[in-house]
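Notes follow once the structure below has been shown.
The values are calculated or read from the model by the stated rules, or taken from the named source; none is laboratory data. No experiment lies behind these values; they were computed from the predicted model shown. Because the Cβ atoms are built from the backbone with ideal geometry, glycine has one as well, and the counts that use them run over all protein chains shown.
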Amino acid sequence: MAIRLDVSGMLRQAVPTGPDAAALDALAPQLVAAVASFESRRSAGVLGFRELEAQAAERARVLDWAASARRGLDDVIVLGIGGSALGAVCLRTALLPRDWNARSSEQREGRPRLHVLDNVDPRSVAGLLDLVDLARSRVLVVSKSGSTAETMAQYLLVRDRLAKAGLTAREHLAFITDPEKGALRKLAAAEGIPTFDVPANVGGRFSVLSPVGTVPAALLGLDVQGLVDGAIAMRDRCTSSALRENPALAYAALQWHANESAGQGAHVLMPYSDALRDLGPWFVQLWAESLGKRRADGQHVGPTPIAAVGATDQHAQVQLFMEGPRDKTVTFVDVESHPDDLPIPHGDGAPADLAYLRGHTFGELLRAECRATAAALARGGRPTMTLRVSQVDAWHVGGLFMFFELATIYAAGLYGIDPLDQPGVELGKQLTYYQFGHPEWQGMREVWEALPASDPNWVL
């Protein structure tokens, strides 16, 4: 089992914009400062995502509850948005067979389907609730604050459907929320609804290894302990301020250097694996919401993450990566072993010009395309790095989650910003609440009325 980061394609030996040995040496004071910033946050107790041992008791409670709660379930439904949803989607895609929800109960070995409602588009909400039998479902309401407008609107609809079907909330709902406060915590206490704690020092986009991710994982019978073990192994590798000894710091530093020194602020994550395709959107939220900030000095900083998947996007985005603006880095994820690999047939009737495929497998072809794309980008002077993963299983997925979470905190230290807040999101939330008459946000009226109105002369 291993996760290795190859950064050769980011360095001067490979691309003209990369740092050479002297430039890497010159980064040492900033790396030390970034690690010091990390340690300061850790000491302050705000990096709860890495304190996985402290969550052991709650994890045990999750596993005990799930072992009985999943009996007789056909469907698990997650109501959540952003960090409350993306991790569960990634876990389903990575650790369950392809098209899990389309498989029969026998093919799923009696385990439930997993649906994630991460939007309030009525087409999606109505479509899912019309599809499932709530009597054989468990609905997970995931909101740390208990006030997320999208999630709570979904919750109210589900409550209404349960009541009309004569079903009790206690037997068909579970809440994943703050340990002490919020509307969900009050409802749980009043109605005996099973409730699991998101640690107060774990933010939404860092919460996949908390009950936000482990409750749906446990209900599906996934290897929760394997996820945690892989994350702990990665965490313990990533403590040094020396670039060669800390892969998460190396990733953060080289991406930050590419952005700051060469204007390469578009950071592509491109797994060559359908199992890891939903790692991309999870990473996009983590990297974007944590690092896109206005610094204390007023400067706007941060990279723009982009999700791609190989080999699919060789025929979509790679043309842009190769010959478009030189504003991107590409990180490949190369999976070394595919337990369900398939040989490529070459029967007697196959065309002679396909003989080169004889004796190879689909997994070999996918890995060859990964190496070829990396080589082509390097030849074009485009910076790349590669995460090599032995295989896609719980241990490696947990390690990848922790790798990117740690890299995010290190990168924040280099950018000089707070990775744990999201002030740029708040105004939109407040204006939404204002439009719906939320009593706490009626003071936004003046802001709303001062916004530029739509000009009918430019409605085309």
Yes/no for GLY292 being within 18 Å of the chain's Cα centre (by Cα), surrounded by fewer than 20 Cβ atoms within 10 Å (Cβ to Cβ) and more than 16 Å from THR384 (Cα to Cα): yes
State yes or no: is GLY310 in contact (Cβ under 8 Å) with a residue 40 or more places away in the chain, in contact with a Cys (Cβ under 7 Å, 6 or more places away or on another chain) and closer than 28 Å to LEU209 by Cβ? yes
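To keep it simple, each residue is scored yes or no on (1) β-branched (Val, Ile, Thr); (2) within 26 Å of ARG161 (Cα to Cα); (3) more than 15 Å from the chain's Cα centre (by Cα).
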residue: ALA189; (1), (2), (3): no, yes, yes
residue: ILE193; (1), (2), (3): yes, yes, yes
residue: PRO199; (1), (2), (3): no, no, yes
residue: ALA218; (1), (2), (3): no, yes, yes
residue: ARG237; (1), (2), (3): no, no, yes
residue: ALA242; (1), (2), (3): no, no, yes
residue: SER261; (1), (2), (3): no, no, yes
residue: PRO271; (1), (2), (3): no, no, no
residue: ALA275; (1), (2), (3): no, no, no
Going by the structure shown, is LEU354 over 30 Å from LEU414 (Cβ atoms) and surrounded by 18 or more Cβ atoms within 10 Å (Cβ to Cβ)? no
Go through segment 120-175 and give me each residue that's within 24 Å of the chain's Cα centre (by Cα) and more than 29 Å from PRO199 (Cα to Cα). ASP121, SER124, LEU128
If you scan segment 102-112, which residues turn out to be closer than 22 Å to ALA67 by Cβ and exposed (fewer than 15 other Cβ atoms within 10 Å of the Cβ)? SER105, GLU106, GLN107, GLU109, GLY110
Which numbered condition VAL284 misses (of (1) crowded, with 21+ Cβ neighbours inside 10 Å; (2) in contact with a Pro (Cβ under 9 Å, 6 or more places away or on another chain); (3) closer than 16 Å to VAL330 by Cβ; (4) not small (Gly, Ala, Ser)): (1)
I need the helices (runs of 4 or more DSSP H) fully contained in segment 1-85, keeping only those with at least 3 residues that are closer than 30 Å to LEU219 by Cα. 56-69
For the list (1) over 27 Å from ALA394 (Cα atoms); (2) buried (at least 17 other Cβ atoms within 10 Å of the Cβ), I need the number of the one condition that ASP197 fails. (1)
Specify which of the listed residues (SER273, SER240) is out of contact with any Phe, Trp or Tyr (no Cβ under 6 Å at 6 or more places or on another chain), among the small types (Gly, Ala, Ser) and surrounded by fewer than 19 Cβ atoms within 10 Å (Cβ to Cβ). SER240
Within the bounds of segment 38-60, is there any residue that is touching a Phe, Trp or Tyr at 6+ places or on another chain (Cβ under 8 Å) and of a type in the set (D, E, K, R)? yes
In segment 305-328, is there at least one residue being at pLDDT 95 or above, small (Gly, Ala, Ser) and outside any loop (DSSP other than H, G, I, E, B)? yes
